[in-house]
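Everything on this sheet refers to the single structure shown next.
What follows draws every value from the coordinates through simple rules; no lab data is involved. Since the structure is predicted, the reported quantities are computational estimates derived from the model, not experimental observations. FYI the Cβ positions are ideal-geometry reconstructions off the backbone, even for glycines, and counts take in every protein chain you see.
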């Protein structure tokens, strides 16, 4: 696809002027959703967060399309098919009411929302939504745990001591409170279902992986191999153990390792991080890897997978970046 980019436009803005909606969210270089590879050409980048695009990635030719301003003709490669762009509707805010709040662990709750308009949520398993607290400008991003096609949306929320969303949710004594939800966003989704797959999830980063696995479970042709490493910090922070065991049981020969970082009773399983667990896998060099969790976990996992012959272009990630508070008007 060829686009003419005007002097005052970023690559994302030029695409939208032509009716093409690339994967993007914050548009301020803070989330990394619009990450792509520059193949040729001269360009400049507006200010961006080093959490969204590391210096190492920039050296490798990775860019953020929402911050890129071409100075000469540029060739940009995105790691998702054009068909994925076309299937996405415009993201418009909707209201949804709390249908259920379930405490899964000391610091994790499962939030289930019901769309007030009754219409199903359309997203690709692995993507996320932006939730806005009522009567505030506070927005937080959470990945869908469920599958698309229903009017319910399920999210995993990590409870933080001074977290705005955490505090608001814990003050809701009964279901029914409504908030704004805008979706879908993100480019963390399955690429090639015929490849062996390795999944690494840290804490609530297991959410979008569950959504992916559920969709794979219903696929006509299951992947040739599935391996999942899920890590939490403490035994009291462990959740979804039975759910993951049952889910992986539907994939012949699948391997699941649940890791608890702090060695403590009564845990008798793997002691270490999710990355440590993944490093013990017998990984096919043709595999695709899907990583979700904090940036440090993702970078460690990239290195570990590289030792198994998995190149960066075969690794797809969703980093849970630090919360950015809204700027004062």
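If a/c stays under 1.5 just call it rounded; otherwise compare a/b with b/c (prolate if a/b is bigger, oblate if not). Do that for the range 197-319, with a ≥ b ≥ c from the square roots of the Cα gyration tensor eigenvalues. Because a/c hits 1.5 or more and a/b fails to exceed b/c, the range 197-319 counts as oblate.
Per-residue ellipticity at 222 nm, computed for the chain from helices alone with -39500 (n - 2.57) per DSSP H run of at least four residues, works out to -5000 deg cm²/dmol. In the range 11-86, the ratio of gyration radius to Kirkwood radius, Rg to Rh, stands at 0.93 when only Cα atoms are counted. Each label was represented as a point 7 Å from its Cα along the Cα-to-Cβ direction; for residue 46 and residue 164 these points are 2.1 nm apart. Please build a GNM for the chain, connecting alpha carbons under 10 Å apart, and tell me which residue among 94, 218, 195 fluctuates the most. Largest GNM mean-square fluctuation: 218. Taking 0.36 nm per residue of separation and subtracting the current Cα-Cα distance, fully stretching the chain between residue 242 and residue 37 would add 69.9 nm. Shape class for the chain, computed from the alpha carbon gyration tensor (a ≥ b ≥ c): oblate, with a/c not under 1.5 and a/b at or below b/c. Once you have a ≥ b ≥ c as the square roots of the Cα gyration tensor eigenvalues for the range 229-285, tell me rounded if a/c is under 1.5, and otherwise prolate or oblate according to whether a/b is larger than b/c. Verdict is oblate for the range 229-285. In the range 94-185, Cα pairs under 8 Å separated by at least six residues give a relative contact order of 38 percent. Pairs of Cα atoms nearer than 8 Å and 6+ residues apart set the relative contact order; for the chain it is 14 percent. I want to verify a result. In a Gaussian network model of the chain, Cα cutoff 10 Å, which of these has the top mean-square fluctuation: 182, 317, 194? Between 182, 317, 194, it is 194 that shows the largest mean-square fluctuation. Modelled label positions at residue 3 and residue 191, each set 7 Å beyond Cα in the direction of Cβ, lie 2.0 nm from each other.
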